[in-house]
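Here the structure is laid out as structure tokens; the discussion comes afterwards.
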Amino acid sequence: MNEKSTLKIEHARFIITVDPQRRIITDGAIVITGDRITEVGKTAELAHVPAERIIDASEMVITPGFCNGHLHVSYAHAVRGIFPDNLDANDYLAYVFKLQSAMEEEEEYYTSLLAITELLKYGTTCFLDPGSTKYLDACLDVYEKSGCRIIVGSQVVDQPNPINLPQLTLSEAVSRMEDTIQKYDGRLNGRVRAWAMPFSAEYSSTELLKSAKRLADEHQTGMTMHQVNNPGVIEAYLQNFGQLPIEYLEDIGVLGPNVLLSHSFGLSDSEIAILARTDTKVAVCPSASLKMGMSVTTKGRLPEMLAAGVCVGLGTDAGNNSNLIETMRSMYLTSVLYNDTQQATGVVPTETVVEMATIQGARALGLDGEIGSLEVGKRADLVLFDTRRPEWRTLHNPINNLVFNADGRSVHTVIVDGRIVVEDHKPMYIDEWELIQKVQGLGEGLLARTGVEFPTRWPVV
Ligand SMILES: [Zn+2]
């Protein structure tokens, strides 16, 4: 869509705006001019506004595009589902990085394209890839073609690690992060942002962490890393630094509003208070945590983080540990998990979960000024759900239906930056089945080349 083109969506049954008043507009309309929203209101109020194209959204529910704050996008789709369900977390990561480091440019290109197609088709318009993509030049074409909004980086460590991550020198790690930020931040009309991305604090030197934060500050961008306080990690920090991990990170100056910690497991009350005080952001990944047996309902402490005022967005992690990468399924899990632990209802309210997928998710990514709600002046990232489907009916409260009944299958149309990227459930930029077949072939080749294989429990005849 060029700068001057206009698109009007009208007669929406409900528009869930997530604006400051949290208005839900019935018989609503949205006008998009170029890449931005220029009108939001009732269809009747906007009847006089002309547009080059009009979409009839009768019986549709419109939401902001969803944000996924933690998703390794680039390799898993070639080898999805190969890991046995009982693979230990450390063994799992060693295989992940073995396969990932063996990936070639063509493989990364097409697996990224398929993963992004899955994301867009099910309503996720913006996501953070925590630095796992190796061939960013090639993948920039994927981001351009598909129209997604993405945060990229280079995942680095400078300490020995048991998970096959290449150990760089401090200066190599810092210059790799800086080069990536300089080269990619702001590309594609600002749809691409680039952040500093050490893999995790425990495999990074203090100097590397400080340098990553300095880069994020100097370039006015962000920093993300994995943060899982399992008992071994806590013990190591107490032994080495006499502090809990988050206390240590605050002490060395690497927390703050532009820092996003993924998972954030095993935090103490004092550590949660530090995250709130420093406005450090969090992305929780309930589907991955559940599948990997991380005790999310006891160590995840999401209700405590929310109560303390920590800004928490939703993630899924990768297509090969979470397996599912659909933000909506993270919404569902987040809304029900803690009820079970606390033997109560509404522990994480449905509206809070929608905020986590939209405006709070955008804030966790430093993008709430641009996306995360349907308001005049914001970038036009939105999702149209077709509610003429059994799982959406009956329809009285669209928030409850969105979180508890619906999933990505009902996503009809997706718009990012004013461009229609999915229409009538189909991606507009690719032959989907051709792409799927291509990635199937690439996956078979990658497994054969690396010799990675696992027996199945049932005979495949
Ligand atoms: Zn991860």
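The values are calculated or read from the model by the stated rules, or taken from the named source; none is laboratory data. Computed from a prediction, not measured in an experiment: that's the story for all the values here. Neighbour counts are summed over all protein chains in view; Cβ atoms, including those assigned to glycine, are modelled from backbone coordinates with ideal geometry.
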Looking at the stretch 15-37, which of its residues are closer than 18 Å to Ile399 by Cβ, under 25 Å from the mean Cα position of the chain (by Cα) and assigned to a strand (DSSP E or B)? Ile15, Ile16, Ile24
Condition first: in a helix (DSSP H, G or I), within 20 Å of Lys438 (Cα to Cα) and aromatic (Phe, Trp, Tyr). Can you find one or more residues in the stretch 89-105 that meet it? no
Does the stretch 119-130 contain at least one residue that is modelled with pLDDT of 95 or more, assigned to a helix (DSSP H, G or I) and either buried (at least 24 other Cβ atoms within 10 Å of the Cβ) or not assigned by TED's automatic domain parsing to the domain that holds Met292 (or both)? yes
Six or more apart or on different chains, Cβ under 8 Å: which pairs go from a residue in the stretch 350-378 that's within 20 Å of Met225 (Cα to Cα) to one that's surrounded by 22 or more Cβ atoms within 10 Å (Cβ to Cβ) and of a type in the set (Phe, Trp, Tyr)? Could you list them? Ala357/Phe66; Gly361/Phe66
Here is a check on your reading of the model: is Val156 surrounded by 24 or more Cβ atoms within 10 Å (Cβ to Cβ) and without any contact (Cβ under 8 Å) to a residue 60 or more places away in the chain? yes
Cβ pairs under 7 Å, 6+ apart, first in the stretch 84-113 and closer than 23 Å to Gly441 by Cα and among the aromatic types (Phe, Trp, Tyr), second modelled with pLDDT under 90 and part of a helix (DSSP H, G or I): none
Among (1) buried (at least 19 other Cβ atoms within 10 Å of the Cβ); (2) without any contact (Cβ under 8 Å) to a residue 12 or more places away in the chain, the one test that Ala307 misses: (1)
Has the stretch 270-281 got at least one residue that is out of contact with any strand residue (DSSP E or B) (no Cβ under 7 Å at 6 or more places or on another chain), in the same structural domain as Glu355 (by TED's automatic domain parsing), closer than 15 Å to Met225 by Cα and outside any loop (DSSP other than H, G, I, E, B)? no
Can you find a residue in the stretch 180-190 that is polar (S, T, N, Q) and closer than 21 Å to Ile325 by Cα? no
Could you list, in sequence order, all residues of the stretch 416-455 that are among the hydrophobic types (A, V, I, L, M, F, W, C), closer than 24 Å to Val79 by Cα and either touching a Gly at 6+ places or on another chain (Cβ under 7 Å) or assigned to a helix (DSSP H, G or I) (or both)? Trp433, Leu435, Ile436, Val439, Leu442, Leu446, Leu447, Ala448
For the stretch 293-320, enumerate the residues that are within 24 Å of Arg277 (Cβ to Cβ), more than 16 Å from the ligand (Cβ to nearest atom) and among the small types (Gly, Ala, Ser). Ala307, Ala308, Gly309
